[in-house]
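The values are calculated or read from the model by the stated rules, or taken from the named source; none is laboratory data. These numbers were taken from a predicted model, which means no experiment stands behind them. Positions of Cβ are generated from backbone atoms using ideal geometry, with glycine treated the same way; all protein chains shown enter the neighbour counts.
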């Protein structure tokens, strides 16, 4: 059976594209076949896509017949190194790779919206650039490279949509200001001097020092920044030793630091660095801190958010809008586009009635209610029309 029904309108065909992308996921910076499928879907409906300077990304510009602003729509396309554990008929065919964060949904909704806007460009004021971005999940951020390579140049506002498995189909949620946390991944190397476990006084034990360091780091939350500001510091990896009777020469810690504001992020990073430096002087232990990767926080622009609220409520009614009381502590490299203009990230509910599919993002049993797909397409059409008109 063909992956794309070329006779179907984009809303109907988007479901088929979504299932195809889900069945054939690709990891960050490997999404060449994913991009080919998206391009084929667009071209089958008369829309031309061009290679982004950041490969394997795609760009689609829909230029309206009337003056206005240029809106940038980010749709991420990469999958995760997770073995799928669902019974979906279109479950991943790629061992150990899965769309467990909804990027297949994001790309399908954006592609169908691009087709719909292309067909209505005579009534469109302004223009819309749909960017199918690789490598949102990578430490080498696709968004950062798209910004650096010029793929976002010439755009006035930046918007993205993300699935939310914890809110029902038919709802949209976001907030002004801090929306998603910064994410700073770190590696701490603790070096001592190895020896026999029967004579620890002749060694400099990096395991003992690393354990003390974990305790000190865990005590920072609520001390380095106000308890009223969401901050999460988690040590998630501890590696040391290869034998039960050998004190190793080295231990390694890894983890993430998340903060909802730039100020909180700076304060916590400085606090982590102080703690590591203090431990470096104890008992002849050498300690080194490396920041492996960093994403700034996503800060939604209030004026842009107001316009998006208007578009959603005009299209779906006020009951479709949920105000998020707190920012998410999950990260998103969409934050990098803020260097080019105001941005806003919106969540769309994908939970079935009764919540039978509410497994969280990045879980092996994560799944999306496809009934949310036409709503996402209609939301993109409403939002981009409003923003492009200025």
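Starting from residues that are surrounded by 22 or more Cβ atoms within 10 Å (Cβ to Cβ) and touching a strand residue (DSSP E or B) at 6+ places or on another chain (Cβ under 7 Å), keep the ones in the range 16-45 and report whichever is farthest from residue 128 (Cα to Cα). Taking the candidates together, the pick is 25. Would you confirm whether any residue within the range 205-217 is part of a strand (DSSP E or B) and more than 31 Å from the chain's Cα centre (by Cα)? No, the conditions are met nowhere in the range 205-217. Among the conditions (1) in the same structural domain as residue 139 (by TED's automatic domain parsing); (2) in contact with a helix residue (DSSP H, G or I) (Cβ under 8 Å, 6 or more places away or on another chain); (3) part of a strand (DSSP E or B), residue 253 misses just one, which is (1). Can you say whether residue 170 is in a helix (DSSP H, G or I), surrounded by fewer than 24 Cβ atoms within 10 Å (Cβ to Cβ) and touching a helix residue (DSSP H, G or I) at 6+ places or on another chain (Cβ under 9 Å), as far as the supplied structure shows? Taking the combined requirement at face value, the residue does not satisfy it. What about residue 48, is it surrounded by 15 or more Cβ atoms within 10 Å (Cβ to Cβ) and out of contact with any strand residue (DSSP E or B) (no Cβ under 6 Å at 6 or more places or on another chain)? In short, no.
To keep it simple, each residue is scored yes or no on (1) on the phi < 0 side of the Ramachandran plot; (2) surrounded by fewer than 23 Cβ atoms within 10 Å (Cβ to Cβ).
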{"site": "301", "(1), (2)": "yes, yes"}
{"site": "305", "(1), (2)": "yes, yes"}
{"site": "321", "(1), (2)": "yes, yes"}
{"site": "325", "(1), (2)": "yes, yes"}
{"site": "343", "(1), (2)": "yes, no"}
{"site": "350", "(1), (2)": "yes, no"}
{"site": "362", "(1), (2)": "no, yes"}
{"site": "365", "(1), (2)": "yes, yes"}
{"site": "384", "(1), (2)": "yes, no"}
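Of all positions in the range 356-369, none carries a residue that is touching a helix residue (DSSP H, G or I) at 6+ places or on another chain (Cβ under 8 Å) and not in a loop (DSSP other than H, G, I, E, B). Between 111, 75, 135, 40, the distinction of being in contact with a helix residue (DSSP H, G or I) (Cβ under 6 Å, 6 or more places away or on another chain), in a helix (DSSP H, G or I) and assigned by TED's automatic domain parsing to the domain that holds residue 19 belongs to 111 only.
When each of 104, 93 is tested for being touching a helix residue (DSSP H, G or I) at 6+ places or on another chain (Cβ under 9 Å), assigned to a loop (DSSP other than H, G, I, E, B) and at pLDDT 95 or above, the lone residue that passes is 93.
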